[in-house]
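Each remark here refers to the structure printed beneath this line.
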Amino acid sequence: MLEAIDQRRYLIPFRSQLLPHVFTDTLVIGAGVAGLRAAIEAAADGGDVILLGKGPRSQSATAWAQGGIAAARAAGDSVDEHIKDTTVAGAGLCDAAAVDVLVREGRDAVDELLEWGMRFDRDEDGAIAYGREGGHGRHRVLHTDGAATGRELMRCLSDIVPRVNGIREFDDCFALDLLTRDGDESGESRVLGAITHHTRFGLQIIWARSTILASGGAGQAYRETTNPKVATGDGLAMAYRAGARVGDLEFMQFHPTTLYVAGSARQLISEAVRGEGAYLVDQDGHRFMVEGHELAELAPRDVVSRAIVDRLARTQSEAVYLDVRHLDRDGFRRRFPGLVRELAAFDLDPARHLIPVHPSAHYTIGGVWTDLEGQTSLRGLLAAGEVSCTGAHGANRLASNSLLEGLVFGRRAGRRARRQAGQSQAPIKIVSEIPEPEHADLDLFDVASSLRSAMWRHVGIVRTGRRLDDVQDMFAFWGRYTMDMIFDEPAGWEVQNLLTNGALMTRAARWRTESRGVHCRLDHPEPDAAFTTHACWRRGDHAPVRVNATETVTP
Ligand code: SIN
């Protein structure tokens, strides 16, 4: 099925010795929370770091993150309770050691942010105001300006970066592929850096002793998504081409509530709104979550998303509604000033109107398989944040654990890279040869929108084996003429990466013949104990390697 994808090692033909070279100790690919935190750590003690950003930081998934950062810091809360909520949401697939690290070190990560001057919302007494979101048994989510936490986090980390000696920031720079030296006598390949494309300077090779992937998720593989345009799964696709193990790709998290107004972007309406008491109602005003789950609107988001899909089918409608009209008007305005402003642009006043919402693809739970220090299955390659998979989220990520993940595992990956910085790394000759394409020109926009629609309709919130088979055939067909092409700018490479992500997700979803967490198979509606395992794939594999979910993850 993945033949056309598996055949491509590099996206473009090149000869390394003919391109400009840059050298560094640590190359960090991605400048969201995980990348920034990793870079800061890797450069501590004088390490040299190149921090690569694909687009403007304001357009990153981190900057768009709303709800906040979950950390067990409020009076009466505990690490154990946060671990329990994370594990319950993860539906039997959480890696216990990863959850422990995430939650325990998450508290220190938040303390560090406070030291670095990050602003969080406070109550009238000046104490941090903790919010509550789906799946959390307590108020434990730190937030800024209501639901603009990601923006302030980016401001805070971006202010720290220039103060750390040794970080060179390369903006508008697209990483095409990881460079590898083929296996030595032990058969292991080693990552030596990346080939990149800069909007002004063109192609160049960055040789690095360690490379950290922190390039985010692949929400753009879906027609409906909360993710920014940059979220095209480039890191996952390039790691797969380089031979790294990738895992748990059947688990794409859908956020239940994105604004559903014709012409608006699929703007996330934070779960924090339900945390403040918003109801979800259908077009007849019926509050359907009350009969759907004991936590009603605050059930884990996979439960809420499926209940919405079910309700839309029953009522033959396009949207359900958030109803906040019973909440204190001024209190709501104070808590969510940005949301109130954004809704006003569509003539919606939450004190008077229902807010139309619909689920969208939100967070890529699976990713490049790592241990607890970000080490992937390839030497020289680390990964952190949404592009990675430590097993901490299991089959369903708990709300507001993702910025936390970027902070905790970004720091760990940076520290690991710093330890490797002394190892010498000489450049080598790498030649990528690709035959001339056999196929005619391609309408990139058409391929991208077809694959995004197919993913949304058939590899979305509910799935069936028959539909997944159809989508797999489509990917095989699209792959033959899309992976065959040689592009010379990011738009083409992004479509090739989206195709790779979509095909890998579809293959993984076909393989998992059960329902668990965010992965719902109508033809296999129950969890199956035989699938209490992670599934990892490598380029060329026909079956996954299973990793026991309760073990510490080893790459
Ligand atoms: C939200 O604000 O609802 C999103 C938070 C998250 O994805 O964790």
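Listed by chain and number, the lysines whose C-alpha is less than 29 Å from the C-alpha of K54, apart from same-chain residues fewer than 8 away, are K229, K429. The amide H of T144, built 1.01 Å from its N in the peptide plane, has D121, T149 as neighbours under 5 Å, considering only residues 5 or more places off or on other chains. Axis of helix 149-160 versus longest Cα principal axis of the chain: the two differ by about 40°, to the nearest ten degrees.
Based on the Stokes-Einstein relation at 25 °C and a viscosity of 0.890 mPa s, and on the Kirkwood radius from alpha carbon pairs, the stretch 455-535 is assigned a translational diffusion coefficient of 179 µm²/s. The C-alpha atoms of the chain define a longest principal axis, and helix 465-482 lies at about 40 degrees to it.
At 0.36 nm per residue, and after removing the present C-alpha to C-alpha distance, how many nm does the segment from K84 to R190 gain when stretched out fully?
34.4 nm
Each other residue within a Cβ distance under 10 Å of S449 adds +1 if Lys or Arg and -1 if Asp or Glu, for a net charge of 0.
A dipole drawn for the stretch 269-314 from +1 and -1 charges on Cβ atoms has a positive end, and of V309, Y279, I269 the residue lying farthest that way is V309. Treating r as the C-beta distance of A96 and R546 and R0 as 22 Å, the FRET efficiency rounds to 0.80.
In cubic angstrom, how much convex hull volume per residue do the alpha carbon atoms of the chain span?
Each residue corresponds to 143 Å³ of Cα convex hull volume.
The order of L522, L280, going from fewest to most other C-beta atoms within 10 Å of their C-beta, is L522, L280. Counting only trypsin sites (Lys or Arg not before Pro) that DSSP places in a loop and that have at most 10 other Cβ atoms within 10 Å, the longest clean stretch of the chain runs over 1-199.
Where does the charge balance sit around V261 when Lys and Arg score +1, Asp and Glu -1, over other residues with C-beta under 14 Å from its C-beta? Computed value for this residue: -4.
One chain, two ends: R466 and Q283. Fully extended at 0.36 nm per residue, the span grows by 62.7 nm beyond their Cα-Cα distance. Just to confirm my numbers, what's the Cα centroid distance between the stretch 479-515 and the stretch 396-420 in Å? Cα centroid of the stretch 479-515 versus Cα centroid of the stretch 396-420: 26 Å apart. The phi-based Karplus calculation (6.51 cos²θ - 1.76 cosθ + 1.60; θ = phi - 60°) puts the 3J(HN,Hα) values of the stretch 245-259 at 6, 10, x, 6, 6, 6, 9, 9, 8, 9, 8, x, 10, 10, 4 Hz, whole numbers, x for Gly and Pro.
Here the stretch 200-278 and the stretch 306-382 have alpha carbon centers that stand 15 Å from each other. Taking +1 at the Cβ of each Lys and Arg and -1 at the Cβ of each Asp and Glu, which of T376, A361, V408 sits farthest along the dipole of the stretch 338-457 towards its positive end, judged by Cα position relative to the Cα centre? Of T376, A361, V408, it is V408. Helices in the chain, meaning DSSP H runs of at least 4 residues, each add -39500 (n - 2.57). Divided by all residues, the mean residue ellipticity at 222 nm is -10000 deg cm²/dmol. Looking at the stretch 401-555, the pairs of alpha carbons with a distance over 22 Å make up 60% of the total.
On the basis of the beta-carbon distance and an R0 of 56 Å, I128 and R9 show a calculated FRET efficiency of 0.70. For the pair R168 and R334 in one chain, pulling the backbone fully straight at 0.36 nm per residue adds 55.8 nm over the alpha carbon distance. To test your reading of the geometry: what angle, between 0 and 90 degrees and rounded to tens, separates the Cα axis of helix 79-89 from the longest principal axis of the chain? Orientation of helix 79-89: about 80 degrees from the principal axis.
Neighbours of I206 by Cβ distance under 12 Å: Lys/Arg scored +1, Asp/Glu scored -1, total -1. Around the Cα centre of the stretch 76-177, unit charges on the Cβ atoms of Lys, Arg, Asp and Glu (plus for the first two, minus for the last two) sum to a dipole of about 80 debye.
Projecting label points 7 angstrom from Cα along Cα→Cβ for D443 and Q59 puts them 2.4 nm apart.
Taking the number of Cβ atoms within 10 Å of each Cβ as an exposure proxy, the fewest-first ranking of L27, L444 is L444, L27.
So for H524, H393, H286, H519, fewest C-beta neighbours within 10 Å to most, what's the order?
Ranked by crowding around the Cβ, least crowded first: H286, H524, H519, H393.
Once each of the GluC sites (Glu not before Pro) sitting in a DSSP loop with at most 11 other beta-carbon atoms within 10 Å is removed, the chain keeps 1-123 as its longest stretch. Using the Karplus relation 6.51 cos²θ - 1.76 cosθ + 1.60 with θ = phi - 60°, the per-residue 3J(HN,Hα) values for the stretch 21-38 come to 10, 10, 10, 7, 6, 10, 9, 10, 9, x, 10, x, 4, 5, x, 5, 5, 5 Hz, with x marking Gly and Pro.
Laboratory data are not the source of any read-out in this text; all were calculated from the coordinates shown. No experiment lies behind these values; they were computed from the predicted model shown. Please note: Cβ atoms are built from the backbone with ideal geometry, for glycine as well, and neighbour counts cover all protein chains shown.
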